[in-house]
Amino acid sequence: MAVSATAVLLYENFCLFEISVALSVLSQGKKKFITCSPSGRPLLSEEGIEVVPRCTLFDLDPTSCDSLLLPGASDIRSAIEDPHVLAFVRAFQNKPIGAISIAPLLLVKAGIMGQRRWMAGVNRQELMEEGFSEESVTGMVDWNELQTSPIPEGYLLEDGVLTSVAYHFVPFGVKFGEMVGAMDSIRDYTGSLP
């Protein structure tokens, strides 16, 4: 049975600021989270901050967590190409998942996105040039589309999967906290805002 903990998967060059609000909301809401990575060794974030994950993804049983949080990265290629990372991510396919920036590509590669509508901080054409199939990016709202037709909420939530892009890290973080029960409402986190 899953405990009330969120797995936070980290990888080289992960973007700390993109998950900073989500982590704060989890902490403020007394929601446990466990950081893990493929190696368990210290990682350097995109911002140059060294972070030591609590454990490796091999040490963390996905059934012991009720949700997954995935940060973006300046280069996510090594994570996308790691079969162990993809298997770990796949283990969360029926649980709440938050993926920001380029991280939704992990969900695509793991076969989780299906027909969901999702957003990512990259263009569809670039992904197809990298070998992603047209079918795998059908539900994608890409970077160019977001610039011309912004999504007012700053995120997309479909069937338990929350996606967003870097500049919407605040609403993404608050919504993820709501999804996993860390906060009852935005008011709980923001105080006087409606």
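The values are calculated or read from the model by the stated rules, or taken from the named source; none is laboratory data. What you are looking at is a predicted structure, and each value in this text was computed from that prediction instead of being measured. Note that we place each Cβ from the backbone using ideal geometry, even for glycine, and neighbour counts take in every protein chain shown. What goes into the accessible areas is simple: the full protein's heavy atoms, side chains included, and nothing from ligands, DNA or RNA. Shrake-Rupley method; radii C 1.70, N 1.55, O 1.52, S 1.80 Å.
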Checklist entry - Given the residues P42, P38, P71, which is the only one that is modelled with pLDDT of 95 or more and touching a His at 6+ places or on another chain (Cβ under 7 Å)? => result P38
Item to check | Residue that is open to solvent by 60 Å² or more (accessible area, probe 1.4 Å) and closer than 19 Å to L68 by Cα, where the choices are K95, K175, K109 | outcome: K109
Checklist outcome for this item: Scanning segment 9-67 for residues that are within 22 Å of G121 (Cα to Cα), part of a loop (DSSP other than H, G, I, E, B) and touching a Phe, Trp or Tyr at 6+ places or on another chain (Cβ under 8 Å) gives S45, E46, E47
Next on the checklist: Within segment 101-158, considering only helices (runs of 4 or more DSSP H) that don't extend past its boundaries, which have at least 2 residues that are within 18 Å of F176 (Cβ to Cβ) and at pLDDT 95 or above?
Outcome noted: 104-109
Next on the checklist: So, Q125, is that one of a type in the set (S, T, N, Q), on the phi < 0 side of the Ramachandran plot and more than 17 Å from the chain's Cα centre (by Cα) or not?
Outcome noted: yes
